[in-house]
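The values are calculated or read from the model by the stated rules, or taken from the named source; none is laboratory data. Since this is a predicted model, take the numbers as computed values, not measurements. Here the Cβ positions follow ideal geometry from the backbone for every residue, glycine too, while neighbour counts run over all protein chains shown. Heavy atoms of the whole protein, side chains included, go into the accessibility calculation; ligands, DNA and RNA do not. Shrake-Rupley method; radii C 1.70, N 1.55, O 1.52, S 1.80 Å.
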Amino acid sequence: MKEQLANIRQQAVAAFESAEDPAALEELRVKYLGKKGELTAVLKQMGKLPAEERPVMGQLANDVRAALEQAIETASEKLQEAALAHRLNAEALDVTIPGKTPAVGHRHPMYIALDEIKDIFVGMGFTVLDGPEVELAELNFDRLNAEEGHPSRDWSDTFYFDEDSRVMLRSQTSPMQVRAMDTMDLPIRIIAPGRVYRKDEVDATHSPMFHQVEGMVIDKGVTMGDLKGTLNLLMEQLFGEGTVTRFRPHHFPFTEPSCEMDVQCHKCGGAGCPTCKGEGWIEVLGAGMVHPNVLRMAGIDPEVYSGWAFGMGLERLAMRRFKIADLRLIFENDIRFLEQF
Ligand code: DAH
């Protein structure tokens, strides 16, 4: 029996050491240590031994069992280490392969133009205001000196929410002038960019929804000279030094006198070309001295204070700034177009 145990020990340990994977090792464990295993078979014969030999053999058998268990443990650890080494090898990263550049978005060209405009005005001490797109007709028209019967109030020009034409989608950002005068302390210097809505058909230069930037200054002793100086500076900063401008008389209900501002065509330098429709000039905004009635309705004394204001279309300005030919491109958001800016 002693010999049997020694044989088992020798064979088993050698077998465990040469097992190639965990499954083979487990099979060997069952073979030697399982219920029907070789060691168990020897132990079952223990009963046949003379009583005085049993403790010695028992001790020996236990030693063999412990030795086998230890050998299995060692073999198993070796297999695990080998498996890990194999995996690390197989999954090795090639850090020299070029990476994938993530697609990062960027600002829309119109908002690039708007940010430039905001920077210029903030640099001159203006505050940027935001206001509601659903507006009271009272602020969009009445408080801006455009009374009942004014053509821009017509149902064919304006989106109203109710039968009695009290609530509407603002048709201009000019009601922000009224909101500023009603809520801010004098003197006031504001710009107010935002969406406006008109019943227009979509074409290369029109859309029922577009953006304007409103601006207004109210202080003591403000003149038309301030208006021209500020707006000329704006155009030079946007379109480059030496940009030529002109002011034409016009009419708006909320300014007196009123004007429109043109910028000389960048394409032909004023000679006339398709870009400027042969005129040599491109209209960029409407402006004027705030009408005394508008000041009075806001509780500001026109004998003490005066002001100037302007409103410009942001899409048209971005189109000129980036030489975009069709307004619809601004709204279609085709990535191939947007990626160019
Ligand atoms: N609100 C005018 C429009 O939509 C533009 C405008 C003209 C705004 C003169 C002004 C201004 O503030 O003074 O056509």
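Rounded to the nearest 0.05, what FRET efficiency is calculated for residue 20 and residue 44 with R0 set to 22 Å and r the Cβ-Cβ distance? All intermediate terms of the calculation are to be shown ahead of the outcome.
Working: r = 31 Å, r/R0 = 1.40.
The formula returns an efficiency of 0.10 here.
Defining a contact as two alpha carbons under 8 Å apart and six or more residues distant in sequence, what relative contact order in percent does segment 192-240 show?
This gives 29 percent for segment 192-240.
Normalised by the number of residues in segment 214-341, what is the relative contact order in percent for Cα pairs under 8 Å and 6+ residues apart?
26 percent.
One quarter of the convex hull surface, Cα atoms only: what value does that give for segment 2-90 in nm²?
5.7
Going by amide H atoms built from the backbone, whose H comes under 5 Å of the H on residue 288, apart from near neighbours?
Excluding prolines and chain starts, which carry no amide H, the hits are 259, 309.
Taking the chain as a Gaussian network, where each spring joins two C-alpha atoms under 10 Å apart, which residue of 64, 95, 284 fluctuates the most?
Among 64, 95, 284, the largest GNM mean-square fluctuation belongs to 64.
Cα-Cα over 27 Å: which of 199/277; 199/228; 118/277; 199/267?
199/228; 118/277; 199/267
So what is the accessible area of segment 296-338 per residue, in Å², with the probe set to 1.4 Å? Walk me through the intermediate numbers first.
Numbers: 2230 Å² over 43 residues.
Per residue, segment 296-338 has 52 Å² of solvent-accessible surface.
Kindly provide the trypsin sites (Lys or Arg not before Pro) of segment 34-81 that DSSP labels as loop, not H, G, I, E or B, and whose Cβ sees at most 13 other Cβ atoms within 10 Å.
Values: sites: 35, 36, 44, 48, 65, 78; in loops: 35, 36.
Here the trypsin sites (Lys or Arg not before Pro) that fit, given the DSSP loop and packing criteria, are 35, 36.
What list of ³J(HN,Hα) values in whole Hz, one per residue of segment 152-159 in order, does the Karplus curve 6.51 cos²θ - 1.76 cosθ + 1.60 (θ = phi - 60°) give from phi, with Gly and Pro shown as x?
Those phi angles translate into 5, 7, 4, 4, 7, 10, 10, 8 Hz.
Which whole-Hz couplings ³J(HN,Hα) result when phi for each residue of segment 173-185 is put into the Karplus expression 6.51 cos²θ - 1.76 cosθ + 1.60, θ = phi - 60°, listed in order with x for Gly and Pro?
Along segment 173-185, the couplings run 8, 4, x, 5, 4, 5, 4, 5, 5, 6, 10, 9, 7 Hz.
Please find the FRET efficiency linking residue 150 to residue 256, where r is the Cβ-Cβ separation and R0 is fixed at 22 Å, and quote it to the nearest 0.05.
Efficiency, rounded to the nearest 0.05: 0.90.
In degrees between 0 and 90, to the nearest 10, how far off the longest principal axis of the chain does helix 224-239 point, with axes built from Cα atoms?
Taking Cα atoms only, the helix is inclined about 40 degrees.
Setting aside same-chain residues fewer than 8 positions from residue 78, which aspartates and glutamates have a Cα under 18 Å from its Cα?
By straight Cα distance, residue 78 reaches 17, 20, 21, 26, 27, 69.
With springs only between Cα atoms under 10 Å apart, run a GNM on the chain and tell me which of 47, 194, 240 wobbles the most.
Highest fluctuation among the options: 47.
In the chain, which cysteines lack any other cysteine Cβ under 4.7 Å from their own?
So, 259.
For segment 109-338, restrict the atom set to alpha-carbon positions and state the Rg and Dmax in Å.
Over segment 109-338's Cα set, Rg and Dmax evaluate to 17.5, 55 Å.
With a 1.4 Å probe and every protein chain left in place, work out the accessible area per residue of segment 2-90 in Å², rounded to a whole number.
Normalised by residue count, the accessible surface of segment 2-90 is 70 Å².
Along the Cα→Cβ direction, 7 angstrom out, place labels at residue 128 and residue 161. What is the inter-label distance in nm?
My value for the distance between the label points is 2.6 nm.
Please go through segment 20-76 and write out the GluC sites (Glu not before Pro) that DSSP classes as loop and that have at most 10 other C-beta atoms within 10 Å.
Numbers: sites: 20, 26, 27, 38, 52, 53, 69, 73; in loops: 20, 52, 53.
Those that pass, being in a loop and sparsely packed, are 20, 52.
Per residue, how much accessible surface does segment 139-259 expose to a 1.4 Å probe? Answer in Å², no decimals.
48
Rounded to a whole number, what % of the accessible area of the chain do carbon and sulfur atoms account for, probe 1.4 Å?
About 52 percent, which is the carbon plus sulfur part of the accessible surface.
Kindly work out what percent of the DSSP beta bridges joining two residues of the chain are antiparallel, to the nearest 5.
If we restrict to bridges inside the chain, about 95 percent are antiparallel.
May I ask for the angle, rounded to the nearest 10°, between helix 54-90 and the longest principal axis of the chain, with both axes built from Cα atoms and the value confined to 0 to 90°?
That works out to roughly 30 degrees.
Given R₀ = 25 Å, FRET efficiency for residue 1-residue 35 by Cβ-Cβ distance, to 0.05?
About 0.80, to the nearest 0.05.
Taking the chain as a Gaussian network, Cα atoms linked when under 10 Å apart, which of 251, 150, 86 shows the biggest mean-square fluctuation?
86
Once you put a point 7 Å from the Cα of residue 119 and another 7 Å from the Cα of residue 333, both along the Cβ direction, what distance in nm separates them?
2.5
I'd like the orientation of helix 2-18 relative to the chain: the angle between its Cα long axis and the longest Cα principal axis, in ° from 0 to 90, rounded to 10.
30
Let me check against my output: what whole-number percent is the relative contact order of the chain, with C-alpha pairs under 8 Å and at least 6 apart?
Contact order relative to length: 14 percent.
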